[in-house]
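Working notes, beginning with the structure itself.
Quick note: the coordinates plus some simple rules give every number you see, no bench work behind them. In this text the structure is predicted, and so the values were computed from the model without any measurement. Here the Cβ is made from the backbone with ideal geometry for all residues, glycine too, and neighbour counts use every protein chain on show.
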Amino acid sequence: MSARSYRFTHAITRRPAGSIVQGLRAVDTGAPSLALMSQHHADYVAVLRSTGASVVELDALEAYPDSVFVEDTALCLPEGAVVMRPGAPSRLGEAGEMAPHLRALYGEVTMVTGSGSFIEGGDILTTETEVLVGRSARTNTAGIAELRGLVTPWGHKVREVFTPPGVLHFKTDCSLLDEETILSTARLDASGCFEGYRVIHTAAGEEACANSIRFNDLVLMPAGFARTRDVLVKAGYAVREIGNSECAKLDGGMSCLSLRFTPSS
Ligand code: GLY
């Protein structure tokens, strides 16, 4: 197996903007601190770079409070990138802001364009064999159908799955750990969507760390979830914990903060 679902030469991140205090959130637990979020963000970028990857750090975009969560703007595959159409109206313009940066690095960049199509990268989990897309409040059937039409010619199989009620994105509740292993909350795994994969559950009460990422040799996970961390370390993963207290106030985690890819040409 080539491990192309978690081995990457590049990542794109975007610095948080002062407007982050207006970022979308399901439950208001207080305004995030820009200073602390920026510190956590710098730690995150440093860990990505420590694996040898080239990380493009884009400037903050004040007009888009949630723009630090770049993952929602695109799906990056080995053959090309697909620019998303975010389902949150305040985030729709973020995708167009990302497109030129992808075109600068990628041979082929396509776009989801249908006026009734909505899809965000946070709802997409790419494994070694398929692209799982969770229908959610941000991603609809039309968006998934359009994505399927764009990536099937590249040889990818898209499977529509479901995001648990009340959960922002499909990947809020899961992460890829290696070719065959998924970290998942028990509630998402109960849907049966990971049949055929080896699944490691987040510890009870630690569901908020399901949004982690495997990036080259490392697993980046939010700090503060010791029982799940210990399970991952015991399973042989090289774990790095990153402060996520401020992004968590906006329902964000490790995957949301980067686009990860190996440009096709
Ligand atoms: N705050 C991240 C989002 O709702 O998209």
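For the chain, what does the helix formula give at 222 nm: sum of -39500 (n - 2.57) over DSSP H segments with n ≥ 4, over the residue count, nearest 500 deg cm²/dmol?
-6000 deg cm²/dmol
Enumerate the calculated ³J(HN,Hα) couplings along the stretch 46-57 in order (Karplus 6.51 cos²θ - 1.76 cosθ + 1.60, θ = phi - 60°), each rounded to whole Hz, writing x wherever the residue is Gly or Pro.
4, 5, 4, 5, 5, 8, x, 6, 8, 10, 8, 9
When the chain is fully extended, how far beyond the present Cα-Cα distance does D230 get from R103, taking 0.36 nm per residue of separation?
41.7 nm
So for the stretch 18-156, averaging the separation of alpha carbon pairs under 8 Å that are six or more residues apart and normalising by length, what relative contact order in percent results? Kindly include the intermediate steps, with their values, before the conclusion.
Values: 173 pairs, mean separation 26.2, N = 139.
So the answer I get is 19 percent.
Output wanted: per-residue J couplings in Hz (rounded whole) for the stretch 93-101, from phi through Karplus 6.51 cos²θ - 1.76 cosθ + 1.60, θ = phi - 60°, x for Gly and Pro.
Those phi angles translate into x, 5, 5, x, 5, 7, 3, x, 5 Hz.
In nm, to one decimal, how far is the modelled label at R187 from the one at A42, with both set 7 Å along Cα→Cβ?
Simple spin-label model gives 3.6 nm for this pair.
For the chain, what does the relative contact order come out to in percent, with C-alpha contacts under 8 Å and a separation of six or more?
On the way: 557 pairs, mean separation 65.2, N = 265.
Here the relative contact order equals 25 percent.
Taking the beta-carbon count within 10 Å as an exposure proxy, list K249, K234, K171 from fewest neighbours to most. All intermediate terms of the calculation are to be shown ahead of the outcome.
Working: K249 20, K234 8, K171 29.
Ranking K249, K234, K171 by Cβ neighbours within 10 Å, fewest first, gives K234, K249, K171.
Which residues among the stretch 250-265 fall inside the zone where the amide N is under 15 Å from a point 7 Å beyond the Cα of S90, along Cα→Cβ?
Residues 250-252 qualify, since their backbone N sits under 15 Å from the label point.
Considering the convex hull of the alpha carbon atoms of the stretch 163-262, report its projected area averaged over all viewing directions, in nm², one decimal.
For the stretch 163-262, the mean projected area of the Cα convex hull comes to 6.3 nm².
Amide H to amide H under 5 Å from V239: which residues, 5+ apart in sequence or cross-chain, H placed 1.01 Å off N in plane?
Amide H to amide H, under 5 Å and 5 or more residues apart or across chains, V239 pairs with V219.
Calculate, axis by axis, the spread of Cα positions in the stretch 1-142 along the three principal axes, and write the results as whole Å, longest axis first.
Between the extreme Cα coordinates on each principal axis of the stretch 1-142 lie 43, 40, 26 Å.
Test of understanding: ordering T228, T152, T139, T181 by Cβ neighbours within 10 Å, fewest first, what list do you get?
Sorted ascending by nearby Cβ count, the order is T152, T181, T228, T139.
Could you tell me what percent of the DSSP beta bridges with both partners in the chain are antiparallel, to the nearest 5?
Antiparallel bridges: around 40 percent, rounded to the nearest 5.
From the convex hull of the Cα coordinates of the chain, what is the mean projected area in square nanometres? Please list the in-between numbers first.
Values: hull surface 49.7 nm².
Projected area, direction-averaged: 12.4 nm².
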